[in-house]
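Below: the structure, in structure tokens.
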């Protein structure tokens, strides 16, 4: 059984004593203990009047805001009688007003192990703003739901840094939130005051299903443990006009488009899976009708990705393969998303998601898996060496 950083803070008085002065708490709806009690209750009970404010990331403190670039506003919580300040509104980095009177900032966010998931970007911006200030950051660590061993995807290129790409790490980075913080401190923000309260009992080869902990959506469109794993690949479709299943009950496990006939497309793809080393999943041909966002109220043909072997499944590779195949199948009906994406108005979204324009060019080319592997593995050994220096869990 895994014990999270939050649960250790609740149980261990010595850890509570390390959190000094006035306290701010950054959490969300998945910041719960094993009994589903949300962290804001515990922080209020432990620190009482020393807890002076809550902070909320993208989707809000209670994860009730649906979509990208839909902002949350500051408010005073009617039950806790404390200000809730948004880090996804006019600002995404905390300003002096946000940090006013704060001595210790406690961060308790359930991340999902993918570079583009914005909670680690929020963490990085907080660390950047707290450098040189007399503010201590304390991370209450939680499991990486997609495991701590398997690394996937290319390293982000510097010129594609954005709110969905804060640092030069791969798409599936195999770090916990606490380890990401240590990585940022060692290589980006060495002057920040940081302490990580690690988990007990977590092993690097564990997926969330192995932890014994309850799953609560860390954002509105990740309804299941498996959706955190498929997200590594299906998030790519935010950069296209292909539906990633938003507006269905299994978002980011489902992909499709009104012009796709899924049964015949599956027949065309089956022969590729062995050559592309794609295994550990089953594709179920299906039709679905999104209730909002892309192709709202239109019948789409596509697939639900059912994970059958978590250790063998490589969602990033499957997602890139899908992009190429869907583009070939749809022709002119396949389009890259040209709308502003996470407050970037010049670069197109797929390049921001990929952290490079080279993979989009690969999708548009006749190149195959060999060239994709070359893009994925560039600078991988350097990352693995940097990562090995900060790991909390052997």
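The values are calculated or read from the model by the stated rules, or taken from the named source; none is laboratory data. Source: prediction; values computed, not measured. Cβ atoms come from the backbone with ideal geometry, glycine included; neighbour counts cover every protein chain shown.
Cβ-Cβ distances below 6 Å connect the following pairs, each with a first residue in region 271-283 that is in the same structural domain as residue 372 (by TED's automatic domain parsing) and in contact (Cβ under 8 Å) with a residue 12 or more places away in the chain, a second residue that is part of a helix (DSSP H, G or I) and surrounded by 14 or more Cβ atoms within 10 Å (Cβ to Cβ), and a separation of six or more residues or different chains: 276/321; 276/369; 278/318.
Of the residues 267, 226, which is part of a helix (DSSP H, G or I) and farther than 30 Å from residue 343 by Cβ?
267
Can you find a residue in region 206-217 that is assigned to a loop (DSSP other than H, G, I, E, B), closer than 19 Å to residue 122 by Cα and in contact (Cβ under 8 Å) with a residue 60 or more places away in the chain? Within region 206-217, one or more residues are assigned to a loop (DSSP other than H, G, I, E, B), closer than 19 Å to residue 122 by Cα and in contact (Cβ under 8 Å) with a residue 60 or more places away in the chain.
For region 241-250, the condition holds for at least one residue, the condition being that it is in contact with a strand residue (DSSP E or B) (Cβ under 7 Å, 6 or more places away or on another chain) and outside any loop (DSSP other than H, G, I, E, B). Just so you know, in region 149-163 the residues that are in a loop (DSSP other than H, G, I, E, B) and at pLDDT 95 or above include one that is farthest from residue 278 (Cα to Cα), and it is 161. Residue 235 meets each of the listed conditions (1) buried (at least 17 other Cβ atoms within 10 Å of the Cβ); (2) under 25 Å from residue 38 (Cα atoms) apart from (2).
The helices (runs of 4 or more DSSP H) found entirely in region 295-394 that carry 3 or more residues being under 22 Å from residue 145 (Cα atoms) are 315-330, 380-388. Listed residues 133, 81, 73; which is part of a loop (DSSP other than H, G, I, E, B), touching a helix residue (DSSP H, G or I) at 6+ places or on another chain (Cβ under 8 Å) and surrounded by fewer than 23 Cβ atoms within 10 Å (Cβ to Cβ)? Only one candidate qualifies: 133.
Before we move on, is residue 313 within 23 Å of residue 160 (Cβ to Cβ), surrounded by 12 or more Cβ atoms within 10 Å (Cβ to Cβ), at pLDDT 95 or above and in the same structural domain as residue 234 (by TED's automatic domain parsing)? Can you show your working first?
Details: within 23 Å of residue 160 (Cβ to Cβ): no; surrounded by 12 or more Cβ atoms within 10 Å (Cβ to Cβ): yes; at pLDDT 95 or above: yes; in the same structural domain as residue 234 (by TED's automatic domain parsing): yes.
For residue 313, the condition - within 23 Å of residue 160 (Cβ to Cβ), surrounded by 12 or more Cβ atoms within 10 Å (Cβ to Cβ), at pLDDT 95 or above and in the same structural domain as residue 234 (by TED's automatic domain parsing) - is not met.
Restricting to region 8-31, count the residues that are free of Cβ contacts under 8 Å to residues at least 40 places away in the same chain and either in a loop (DSSP other than H, G, I, E, B) or touching a helix residue (DSSP H, G or I) at 6+ places or on another chain (Cβ under 9 Å) (or both).
3
Could you say whether any residue in region 159-170 is buried (at least 19 other Cβ atoms within 10 Å of the Cβ), under 27 Å from residue 341 (Cβ atoms) and out of contact with any helix residue (DSSP H, G or I) (no Cβ under 9 Å at 6 or more places or on another chain)? There is no residue in region 159-170 that is buried (at least 19 other Cβ atoms within 10 Å of the Cβ), under 27 Å from residue 341 (Cβ atoms) and out of contact with any helix residue (DSSP H, G or I) (no Cβ under 9 Å at 6 or more places or on another chain). When each of 150, 139 is tested for being in contact with a helix residue (DSSP H, G or I) (Cβ under 9 Å, 6 or more places away or on another chain) and in the same structural domain as residue 202 (by TED's automatic domain parsing), the lone residue that passes is 139. From the list 152, 195, which one is within 30 Å of residue 374 (Cβ to Cβ) and in contact with a strand residue (DSSP E or B) (Cβ under 7 Å, 6 or more places away or on another chain)? Answer to the check: 152.
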